[in-house]
Amino acid sequence: MEHTPVVRRARPEDLPRLVELIHEHVAYEKSAPRPPDLAERLGPRLFAEGAPLWVLLAGTPDGAVAGYAACSTEFAFWDARHYLHMDCLYLAEDARGHGLGAALMDGVWDLARELGLDEVQWQTPDWNEGAIRFYERLGATGSPKRRYGLPVDPAAS
């Protein structure tokens, strides 16, 4: 699969393939399955006018989509500034090792510059040694924080 990586923004017609990649990513990270109506929930948010959410796709010159990076803007309270948060970066297993990850990261940095932001932040599971090596080769540094989540019951008051 040697080729020049192609990185572009997701379009509405990419949604079915994007959702396939999301489900692959979820399985790769051994996370809980996502809702079956993910495309119906994600599409209107991703492609809405002025949405602060961007998805970059990586693929082959013939247009086959092999990976994605999903980003949104966040606010760093301690620094009193916005930054680009890369929520996900994923490449299909057979697409790894061909420069697509680096091309996606270049696309993410270009997006941050386009938005006038001077930092990109992300996280990866501590067991994902391949991703950690990849990010460190790019010059990124990690921080020892743990991410938590707590569901909110909308019916509770």
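The values are calculated or read from the model by the stated rules, or taken from the named source; none is laboratory data. Here the structure is a predicted model, which means the values were calculated and not measured. Reconstructed Cβ throughout: ideal geometry from the backbone, glycine too, with neighbour counts over all protein chains shown. Calculation scope for accessible area: heavy atoms of the full protein, side chains included, ligands and nucleic acids excluded. Shrake-Rupley method; radii C 1.70, N 1.55, O 1.52, S 1.80 Å.
Brief remarks follow.
- Here V108 qualifies as in a helix (DSSP H, G or I), under 21 Å from A131 (Cα atoms) and either out of contact with any Lys or Arg (no Cβ under 6 Å at 6 or more places or on another chain) or of a type in the set (S, T, N, Q) (or both).
- The stretch 76-106: number of residues that are more than 16 Å from the chain's Cα centre (by Cα) and basic (K, R): 1
- Counted residues, the stretch 36-49 - those being open to solvent by less than 70 Å² (accessible area, probe 1.4 Å), more than 17 Å from the chain's Cα centre (by Cα) and within 25 Å of L111 (Cα to Cα): 1
- Here E24 clears all of (1) part of a helix (DSSP H, G or I); (2) free of Cβ contacts under 8 Å to residues at least 60 places away in the same chain except the condition numbered (2).
- Answer residue from the stretch 63-85, given it is touching a Ser or Thr at 6+ places or on another chain (Cβ under 9 Å) and within 24 Å of L115 (Cβ to Cβ) and is least open to solvent (accessible area, probe 1.4 Å) among those: L84
- Residue selected from the stretch 119-137 under the condition surrounded by 12 or more Cβ atoms within 10 Å (Cβ to Cβ) and part of a loop (DSSP other than H, G, I, E, B), by the criterion modelled with the lowest pLDDT: N128
- The sole residue among P33, P12, P52, P16 that is open to solvent by 20 Å² or more (accessible area, probe 1.4 Å), free of Cβ contacts under 8 Å to residues at least 60 places away in the same chain and closer than 25 Å to G130 by Cα is P33.
- When the stretch 138-157 is limited to residues that are open to solvent by 100 Å² or more (accessible area, probe 1.4 Å) and over 24 Å from E119 (Cβ atoms), the one that is modelled with the highest pLDDT turns out to be P154.
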